[in-house]
Amino acid sequence: MYTPFVISLASGTLKIDSFRHYISQDSHFLKSFAHAFELAEECADDDEAKLAISELRKGVLEELKMHNSFVQEWGIDPGKEGTINSATVKYTDFLLATASGKVEGVKGLGKLATPFERTKVAAYTLGAMTPCMRLYSFLGKELQAVLDPEEDGHPYKKWIDSYSSESFQASALQTEDLLDKLSVSLTGEELDIIEKLYHQAMKLEIEFFLAQPIAQTTLAPLTKGHNPEEDQLVIFSDFDLTCTVVDSSAILAEIAILTAPKSDVVQPETPIARMSSADLRNTWGLLSGQYTEEYEQCIESIMPSAKVEFNYEALCKALEQLSDFERRANSRVIDSGVLKGLNLEDVKRAGERLILQDGCTGFFQKIVKNENLNTNVHVLSYCWCGDLIRSAFSSGGLDALNIHANELIFEESISTGEIVKKVESPMDKAQAFNDILKNYSSERKNLTVYIGDSVGDLLCLLQADIGIVVGSSASLRCVGSQYGVSFVPLFPGLVRKQKESDGESPNWKGLSGILYTVSSWSEIHAFILGW
């Protein structure tokens, strides 16, 4: 979805020469597909399976007819054989080799003695073809969803309509059903082979789309036009529930409870007296319950009676109340003593074992290791203990990230229960965001991206040139919407912006009142870094 070709195609800005080249490549692709179905049909020993494969092959031949109509409509010379991309050759060679039985551990087609052995090759072939059908079906639906129903002039509507059609969706499902049927009698080892073939086919499919030449400026990937000599990309991210699966405050409380003395065991006197584990659990339960109740009350109190137009200053004023609440809540935690007696090594071990969101570590690793990018990453967090965050990232080799968080005070590796307060509230995050940017040279072109998930991130999300919301926090959307903030799914948002830019360099600018929403870190990775 985030390849330059698909973004341009979806927006209708794709240059006609690029589309012509793609159609010629796809025709080669489809001819190999039809031949692979033919070989699979020969291998299938079940009449019903043979008929199903035959029907799917007819569908591919119909698709080739549609391509011929594109050839006429867009002025491609059908008699002129264009150069075949290496990415096209890689997939077609892989597919036909699979359909010919050239799979590791499988005899050649001429040596397959039993019907079962031949059926196995048919299953492998379908395993190498199904990703293509599912990917095109998926893209057809996604692109159809972003078409403007009021717009008649989209040049590639016919292409989008064909792959989003019910008949093509049915063919994709039929291919998957057939793969399931052909795989019923296979062993676990043979199913592993199909899985590898499936993944290899999808990888080659993505490479096919990436290989399509684009002679125009595109919004994705964001770093495509990045010049490290002149440009600087500054990425900011929240930590709790943006990067992590669980909130760090709960982790720290759990460490405290698990390492606290039992109430019925006499403990030697120490400089830092600790509550028993039972008392700690009760105290923590009361604190977290009080926090949740008062947080909801605070959110309700800052909401305007009716939606207003986007006004950053009004939002700042409202979030000052939330900031006061967060500071009071932190003071209660410190006064309660629940964070007393934590061992620094226990905290670091917990950080190393902390489960991060899928794709989060890989995204930051790619950025840090890319020497062709002039990029800095800053993590802004309410977390009470920066050491926990540093350990979580260092286990993934990410010591280069800049961590801005509160810090637990330790005496001889044992926490006193006190916190050095640095980032407690939305206002503190906004202040830290601005202070960090002041340290970057104004001579460079700075592009800022903020990734967050909660109301605490709202001011930074809006100040950044590009604000990306991960997850689906109800309070964030509720507060943002009431103050005129628009939440736009990232892919449709990029398609719209690509259409508006019409070949010009994109103008990303903070305080637009628009935030982009994603379902996962893989979307962020695809948008910012590409494949």
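Can you tell me what percent of all Cα-Cα pairs in the chain are more than 43 Å apart? Numbers along the way, then the final one.
Working: 48942 of 140715 pairs.
The proportion of pairs with Cα distances above 43 Å equals 35 percent.
Just to make sure I understand: if all protein chains stay in place, what is the order of Glu326, Glu296 by accessible area at 1.4 Å, largest first?
Glu296, Glu326
Among the listed pairs Lys348/Lys421; Lys90/Lys497; Lys422/Lys497; Lys348/Lys369; Lys224/Lys369; Lys31/Lys181, give every one whose C-alpha distance is greater than 27 Å. Numbers along the way, then the final one.
On the way: Lys348/Lys421 20 Å; Lys90/Lys497 33 Å; Lys422/Lys497 37 Å; Lys348/Lys369 24 Å; Lys224/Lys369 16 Å; Lys31/Lys181 25 Å.
Check vs 27 Å cut-off fails for Lys90/Lys497; Lys422/Lys497.
Ordering Asp238, Asp465 from largest to smallest accessible area (1.4 angstrom probe), what's the sequence? All intermediate terms of the calculation are to be shown ahead of the outcome.
On the way: Asp238 10, Asp465 35 Å².
I get Asp465, Asp238, largest accessible area first.
What accessible area per residue comes out for the chain, rounded to a whole number of Å², with a 1.4 Å probe? Could the numbers behind the result be given before it?
Working: 24530 Å² over 531 residues.
Ligands and nucleic acids excluded, the figure is 46 Å² per residue.
Check Glu418: other-chain or 5+ apart residues with amide H under 5 Å from its amide H, H built from backbone geometry?
The answer is Ile409.
Measure up Lys102/Lys203; Lys307/Lys438; Lys120/Lys203 against 30 Å on the Cα-Cα distance and list the ones that go over. Show your work: numbers first, answer last.
Values: Lys102/Lys203 19 Å; Lys307/Lys438 33 Å; Lys120/Lys203 23 Å.
The answer is Lys307/Lys438.
Given q = 0.18, 0.20, 0.24 Å⁻¹, what are the Debye log10 I(q)/I(0) values for segment 280-382, with equal point scatterers placed on the Cα positions and solvent ignored?
The Cα Debye sum returns log10 ratios of -1.07, -1.09, -1.22.
What is the Cα coordinate range of segment 385-426 on the first, second and third principal axes, sorted by size from largest, in whole angstrom?
31, 29, 11
Using the Kirkwood formula over every pair of different C-alpha atoms, what hydrodynamic radius in Å results for segment 114-187?
On the way: mean 1/r = 0.0718 Å⁻¹.
So the Kirkwood estimate lands at 13.9 Å.
With runs of 4+ DSSP H residues as the only contributors, calculate the mean residue ellipticity of the chain at 222 nm using -39,500 (n - 2.57) per run, divided by the residue total and rounded to the nearest 500.
On the way: 19 runs with 297 residues, N = 531.
Mean residue ellipticity at 222 nm (helix-derived): -18500 deg cm²/dmol.
Treat segment 389-514 as a sphere of radius equal to its Kirkwood radius over Cα pairs and apply Stokes-Einstein at 37 °C in a medium of 0.692 mPa s; give the translational diffusion coefficient in µm²/s, rounded to a whole number.
Numbers: Rh = 17.1 Å.
Estimated via Stokes-Einstein, D reaches 192 µm²/s.
Taking the Cα centre as origin and putting +1 on Lys and Arg beta-carbons and -1 on Asp and Glu beta-carbons, what dipole magnitude results for the chain, to the nearest 20 debye?
Details: 48 positive and 76 negative charges, 148 e Å.
Here the chain has a charge dipole of around 700 debye.
Non-local amide H neighbours of Thr244 (under 5 Å, H modeled in plane, Pro and chain starts lacking H): which ones?
The list, which skips near neighbours in sequence, is Gln357.
When a/c is below 1.5 the answer is rounded, else prolate if a/b is larger than b/c, else oblate, so apply that to segment 177-319 with a ≥ b ≥ c taken from the square roots of the Cα gyration tensor eigenvalues.
On the way: a/c = 2.39, a/b = 1.39, b/c = 1.71.
In terms of gyration-tensor shape, oblate.
Considering only protein heavy atoms and a 1.4 Å probe, what is the carbon-and-sulfur percentage of the accessible area of the chain? Walk me through the numbers on the way to the answer.
Numbers: 12250 of 24530 Å².
In the chain, the share of accessible area belonging to carbon and sulfur is 50 percent.
Evaluate E = 1/(1 + (r/R0)^6) for Asp148 and Lys421, where r is the Cβ-Cβ distance and R0 equals 45 Å; express this FRET efficiency to the nearest 0.05. Show your work: numbers first, answer last.
Values: r = 49 Å, r/R0 = 1.09.
Using R0 = 45 Å, I get an efficiency of 0.35.
Can you compute the equivalent ellipsoid semi-axes for segment 460-531, i.e. the square root of 5 times each eigenvalue of the Cα gyration tensor, sorted largest first and rounded to whole Å?
Output for segment 460-531: semi-axes of 21, 16, 10 Å.
Compute the Rg/Rh shape ratio of segment 81-233: radius of gyration over Kirkwood radius, all on alpha-carbon atoms.
1.08
The values are calculated or read from the model by the stated rules, or taken from the named source; none is laboratory data. It should be emphasised that the depicted structure is a prediction, and the values quoted were computed from it without experimental measurement. Methodologically, a virtual Cβ is constructed for each residue, glycine included, from the backbone with ideal geometry; neighbour enumeration extends over all protein chains shown. Side chains included, ligands, DNA and RNA excluded: accessible areas come from the protein's heavy atoms. Shrake-Rupley method; radii C 1.70, N 1.55, O 1.52, S 1.80 Å.
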